[in-house]
Amino acid sequence: MKPAAVPADTLYFTLQELGVIIVLSALAALSGALVPSWLFPDTTISDFVYSTLGLPGPGAGELVFGSILCFWLLLGLLLVKKPGTAFAMAIVLIAIDLMAGSQALVIQTLDVLLFVALIIEAISMVPVERGPWSYLLPACLLVFGITTIAVAILGFATTGEMDTAVTGTSWSYYFSGILGLVCAFICCRYQVRYLLAAGLAGMYYMLHFWLYWGSGFAARFPPDPEMIPVLFLVALLGGVISAAAAYGISRLLGSHGNTDRPNSVDQ
Amino acid sequence: MCAPIVLPEAAIGLAAAHILGVGLIAGIVIFNSNGVRKGMSSLLGISDGIGLAFDHVMSVMSR
């Protein structure tokens, strides 16, 4: 059926939807700034992901920042249910950061917000039940999960930005790898496009960090190529978990329709 | 005789950031009007294809 034409004298987002966008963007800005300092009052994100979790670097902090960003953008998209919601939220988030944050930092980082929002918008429209899309997320989780476990078993596990070799059992690698395999099985059984959207957005966030946030192009790229799948797995897991949380909240609030019922691969 | 007012760099940056931030919010409010968007797309000559695709995606998402 041909969709009805939108009247020219109306608003795309209603005032209520604009309110939701502004409130969620403000919460995203607040949580991005305050949650890490509240969760880890005595340490930095780098110390937490490298020393406490034992993850490799650089870029493992994306697990915290990227997940928070994906969660709020996706929650806004699921609550408002209109294309452009995540992009509008990213613009409001940038505006809030510009007016309330540290401008020098924001100017460097604002572009990633727009790209992450665009990826979430685009992938959220993809029919994950069909074709190669249905295998993309489980395949990525499976490959990265197995690689991470293999890296740990073979004794190549490192931690920190300087790739310090892990002494003893690298529990974070085993945990991430097994969690990746479990998520691959779940995503194979229950295909939800928002999990794929946030996962890919998280991976892009990591890639963007490696390529553009150093002193030169690709200056922060992992020096050890074996750590690339491990870090991608961390980003993917952060995106998938944050998307699952946003999706669950939207379902609890009853704002989402029945278009994303779990579909079996066999079907 | 007018004396030049020299602003410190930090103040200029702060002012520019606030102007940019307010401009971004104003941009969202302006482009939230369907009339403005349709006018812009017809001005750019992309009114039909993009508009129809956008309406279709919107109808799919709101199901």
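Here the stretch A:15-252 is treated with +1 on each Lys and Arg Cβ and -1 on each Asp and Glu Cβ, and its dipole about the Cα centre works out to around 760 debye.
Cβ crowding within 10 Å, taken as a proxy for footprinting-reagent exposure, orders A:Leu30, B:Leu43 from fewest neighbours to most as B:Leu43, A:Leu30. Calculate how steeply helix A:227-252 sits against the longest principal axis of the alpha-carbon atoms of chain A, using the helix alpha-carbon long axis, and give the answer as 0 to 90 degrees to the nearest 10. Relative to chain A, helix A:227-252 is tipped by roughly 30 degrees. Taken residue by residue and averaged, Cβ atoms of other chains lying within 10 Å of the Cβ of B:35-43 number 2. Specify the angular offset, from 0 to 90 degrees and rounded to the nearest 10, of the alpha carbon long axis of helix A:15-39 from the longest principal axis of the alpha carbons in chain A. The angle comes out near 20 degrees. In terms of surrounding Cβ atoms within a 10 Å radius of their Cβ, A:Glu121, A:Glu161, A:Glu62 rank from fewest to most as A:Glu161, A:Glu121, A:Glu62. Does anything in the stretch A:207-222 have its amide N under 19 Å from the 7 Å Cα→Cβ label point of A:Thr44, and if so which residues? Correct set: A:209-216, A:219-222. Per residue of B:23-33, other chain Cβ atoms within 10 Å of the residue Cβ number 5 on average. Report, to the nearest 10°, how far helix A:193-212 tilts away from the longest principal axis of the Cα atoms in chain A, using its own Cα long axis and a range of 0 to 90°. It works out to around 60 degrees.
Between amide H atoms placed 1.01 Å from N, distances below 5 Å from A:Gly160 occur with A:Leu55, A:Gly57, all of them 5 or more places distant or on a separate chain.
Each of A:Thr44, A:Thr147 was scored by other Cβ atoms within 10 Å of its Cβ. Listed from fewest to most, they are A:Thr44, A:Thr147.
Within the shell defined by Cβ-Cβ distances under 14 Å, the residues around A:Gln16 carry a net charge of +1, with Lys and Arg each +1 and Asp and Glu each -1.
Every number in this text was worked out from the coordinates using simple rules, so none of it is lab data. This structure is a prediction, so every number in the text was calculated from the model and none was measured. So basically every Cβ, Gly included, is an ideal-geometry build from the backbone, and we count neighbours across all protein chains shown.
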